[in-house]
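Colleague: One structure follows; several queries about it will come next.
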Amino acid sequence: RCEIAELIAQSVQQNQMNAQRKRDGDPDFRAGFEFAVTETLSARAGYSYARSPVPNETLTPLTGAIFEHSVSAGLGYRWGRFRTDFAWQWRLPVTQRVGRSALLAGVFSQTSFTLNAHLLQLTTGVEL
């Protein structure tokens with residue numbers, strides 16, 4: 001049990017340091033547009049890319065791979081002071097492979113992690 005707690009702490013700390021280091025120098029790319037279908041209905045679409053800040057050799061099943069590409073679409077409806085927005089985002093599948101793990105004597109060497117996600121969001125609001 002102590003080794004697992006140590007592994008978690010080491011992994012989280014290493015990934016936080018690496019993420020900060022890479023975030024300071026790696027740009028993100030985001031693009032999107034909104035189209036007014038009618039006076040009250042808008043359609044939106046977008047794309048984003050951000051390189052993973054986590055080196056493969058420090059990945060674990062607890063930290064997982066990092067999504068790099070995502071696409072999104074949405075609709076917005078406005079009537080008077082009220083508005084409702086619906087959005088969908090697909091975080092494109094990513095597989096990251098660990099050759100030689102830098103954590104605890106290579107515990108996760110020769111493993112891979114695959115992620116895929118779909119997100120839905122519905123928001124409502126009122127202008128005061």
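Colleague: Could we say that residue 38 is among the β-branched types (Val, Ile, Thr), under 27 Å from residue 127 (Cα atoms), modelled with pLDDT of 95 or more and surrounded by 13 or more Cβ atoms within 10 Å (Cβ to Cβ) here? Can you show your working first?
Modeller: Values: among the β-branched types (Val, Ile, Thr): yes; under 27 Å from residue 127 (Cα atoms): yes; modelled with pLDDT of 95 or more: yes; surrounded by 13 or more Cβ atoms within 10 Å (Cβ to Cβ): no.
No.
Colleague: If only one of 72, 101 is in a strand (DSSP E or B) and either modelled with pLDDT under 75 or of a type in the set (Gly, Ala, Ser) (or both), which one is it?
Modeller: On the way: 101 fails: in a strand (DSSP E or B).
Among 72, 101, only 72 is in a strand (DSSP E or B) and either modelled with pLDDT under 75 or of a type in the set (Gly, Ala, Ser) (or both).
The values are calculated or read from the model by the stated rules, or taken from the named source; none is laboratory data. A quick note: this is a predicted structure, and the numbers were derived from the prediction, not measured. No Cβ is skipped: glycine too gets one built from the backbone with ideal geometry, and neighbour counts run over all protein chains shown.
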